[in-house]
There are 2 protein chains.
Amino acid sequence: MPAPGLLPGMELFLGLSEPALADVMNCARLRHLPKNVTVFAQGQAADRCHALIEGSIRIAQSDEDGAQLVVRFIGPGEMFGTVALFTDRQYPAEAVTMVDSTEISWTEAALLDLIERHPRIALNIVRIIGTRLREAQERLRELATQRVESRIAHMLLRLAAQAGQADGTGTTIGFPLTRKDVAAMCGATLHTASRILTAWEKTGMITTSRQRVTIRKLAAIKRIAEDPGA
Amino acid sequence: MPAPGLLPGMELFLGLSEPALADVMNCARLRHLPKNVTVFAQGQAADRCHALIEGSIRIAQSDEDGAQLVVRFIGPGEMFGTVALFTDRQYPAEAVTMVDSTEISWTEAALLDLIERHPRIALNIVRIIGTRLREAQERLRELATQRVESRIAHMLLRLAAQAGQADGTGTTIGFPLTRKDVAAMCGATLHTASRILTAWEKTGMITTSRQRVTIRKLAAIKRIAEDPGA
């Protein structure tokens with residue numbers, strides 16, 4: 001049985017008592033996953049609720065022609081792959097580890113039993129999914145109405161809010177971020193995303209080191225985000 | 001007290017017993033709203049859970065420059081404006097009646113009490129929001145990777161699935177749909193959306209009468225939806 005100390009920071013179990021957390025841990029499965037492992041594939045039958053303890057996971061959705069959208073990056077403490085249990089029971093996207101990671105998961109039956117004993121979990125799921133729905137709607141609006149520079153700036157700000165580590169000189173985003181990922185999150189071509197990020201690096205607004213992006217001039221990135229039409 | 005007969009078809013109250021539905025009705029507020037009434041404004045403090053009994057509502061989100069995205073149309077039986085109660089307590093979009101409508105709503109306190117007595121409601125909310133999150137992610141992928149013809153075709157098919165009335169000659173979408181709405185749902189300009197819809201009318205794939213769109217050649221619209229890059 002994994003240690004209950006892993007859970008208190010998780011939004012999924014917010015507000016649960018110590019005995020309730022122990023109950024949650026009792027029926028959990030913990031797995032260590034190396035880099036580049038597929039946790040689940042798009043279209044696969046969904047049968048578990050997942051959360052990440054450590055590491056990073058890329059959730060991406062492809063269409064028939066292979067065009068890919070990065071739906072979301074998952075960081076430590078975040079739930080993933082759970083909406084499918086409540087909808088059509090198929091994972092709508094694939095989940096792949098971006099670095100060595102540790103996931104914790106529950107079978108569907110275990111999750112429903114837990115919700116029955118601790119209904120607070122259901123409200124936590126509503127809040128988590130509701131927040132993601134809002135974010136998806138904001139991205140939709142950006143994609144429909146804003147130029148690509150603003151969309152990339154918005155995405156960097158969102159990732160910094162989700163998984164940023166600030167020191168005196170900037171905020172580093174805690175996901176290994178390739179230019180292809182940036183393009184696939186913003187609906188841009190690789191060429192365009194590269195051109196924009198290179199320009200921002202040249203003017204010192206961001207720096208990149210070993211796939212970690214650091215925002216150096218937050219005010220400048222915010223100005224670009226808030227100037228959708230320029 | 002409104003008649004409990006209004007509720008059984010609502011996804012929000014799926015699986016509830018007769019006495020539970022009576023309990024739900026006991027604390028509901030019913031309102032008749034003429035056409036073009038703002039049910040709530042974007043940014044307004046959220047304090048109620050809403051559902052539509054009759055009519056149509058347009059949910060739309062604007063940015064600082066007034067660029068607007070139609071997030072969703074709400075038809076009879078559907079929940080709306082409820083995610084905000086579980087997130088930052090501000091409506092992220094406006095809700096405006098498109099025709100004479102009847103809404104039913106509950107205060108936040110009443111909703112939380114109902115969930116405590118009938119936990120099934122929380123699972124229903126998870127399923128409703130989860131389904132909408134999926135739809136938003138699909139629209140994001142379409143917007144990022146598909147040409148505008150495919151996006152408009154996908155949107156007509158989704159609206160037909162949500163609120164379509166089929167007869168022998170076609171499927172009529174149950175929302176009054178302007179060309180501006182179509183553009184604002186698909187991230188297209190009014191000019192482009194108009195051009196495409198006019199072309200489809202000329203070839204008999206759709207017909208429009210008093211703002212109601214009827215899909216006449218379903219197979220042709222599906223072909224356009226599934227050919228994202230042509």
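Please treat every number below as a calculation from the coordinates, not as lab data. What you see is a predicted model; the values in this text were computed from it and never measured. Note: ideal-geometry Cβ built from the backbone for every residue, glycine included; neighbour counts use all protein chains shown.
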Given (1) on the phi < 0 side of the Ramachandran plot; (2) surrounded by fewer than 18 Cβ atoms within 10 Å (Cβ to Cβ); (3) part of a loop (DSSP other than H, G, I, E, B); (4) not aliphatic (A, V, I, L, M), index of the condition residue B:180 fails
(3)
Of the residues in the range B:40-57, those that are more than 14 Å from chain A (Cβ to nearest Cβ), more than 21 Å from residue B:124 (Cβ to Cβ) and within 18 Å of the chain's Cα centre (by Cα) come to B:40, B:41, B:55, B:56
With the structure loaded, tell me whether residue B:197 is in a helix (DSSP H, G or I), touching a strand residue (DSSP E or B) at 6+ places or on another chain (Cβ under 9 Å), within 30 Å of residue A:127 (Cβ to Cβ) and more than 9 Å from chain A (Cβ to nearest Cβ) or whether it fails that test.
no
Restricting attention to the range B:153-177, and to residues there that are away from every other protein chain (no Cβ under 14 Å) and within 19 Å of residue A:136 (Cβ to Cβ), which single residue is surrounded by the fewest Cβ atoms within 10 Å (Cβ to Cβ)?
B:162
Do the conditions hold for residue B:125, that is, is it of a type in the set (Val, Ile, Thr) and either farther than 18 Å from residue B:213 by Cα or surrounded by fewer than 16 Cβ atoms within 10 Å (Cβ to Cβ) (or both)?
yes
Which of the residues that make up the range A:22-45 are closer than 18 Å to residue A:78 by Cα and without any contact (Cβ under 8 Å) to a residue 60 or more places away in the chain?
A:25, A:38, A:40
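Could you look through the range A:24-44, keep only residues that are among the aliphatic types (A, V, I, L, M) and within 27 Å of residue A:119 (Cβ to Cβ), and pick out the one that is surrounded by the most Cβ atoms within 10 Å (Cβ to Cβ)? Steps first, please.
To start, the set of residues in the range A:24-44 that are among the aliphatic types (A, V, I, L, M) comprises A:24-25, A:28, A:30, A:33, A:37, A:39, A:41.
If we keep only those that are within 27 Å of residue A:119 (Cβ to Cβ) as well, we get A:24-25, A:28, A:30.
Numbers: A:24: 25, A:25: 18, A:28: 19, A:30: 14.
Step by step, filter the range A:24-44, then rank; the result is A:24.
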Residue that is under 20 Å from residue A:129 (Cα atoms), among the small types (Gly, Ala, Ser) and more than 9 Å from chain A (Cβ to nearest Cβ), where the choices are B:130, B:81
B:81
Flag for residue B:153 being within 30 Å of residue A:108 (Cα to Cα), among the small types (Gly, Ala, Ser) and out of contact with any Leu (no Cβ under 7 Å at 6 or more places or on another chain):
no
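Can you tell me which of B:16, B:12 is surrounded by 13 or more Cβ atoms within 10 Å (Cβ to Cβ), in contact with a Pro (Cβ under 9 Å, 6 or more places away or on another chain) and touching a residue at least 60 places away in the same chain (Cβ under 8 Å)?
Numbers: B:12 fails: in contact with a Pro (Cβ under 9 Å, 6 or more places away or on another chain).
None of the others qualify; the one that does is B:16.
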Conditions first: (1) touching a Cys at 6+ places or on another chain (Cβ under 6 Å); (2) of a type outside the set (Gly, Ala, Ser); (3) more than 14 Å from chain B (Cβ to nearest Cβ). Residue A:111 passes all but one, so which condition is the exception?
(3)
Failed condition for residue B:150, given (1) away from every other protein chain (no Cβ under 13 Å); (2) surrounded by fewer than 23 Cβ atoms within 10 Å (Cβ to Cβ), with all others met?
(1)
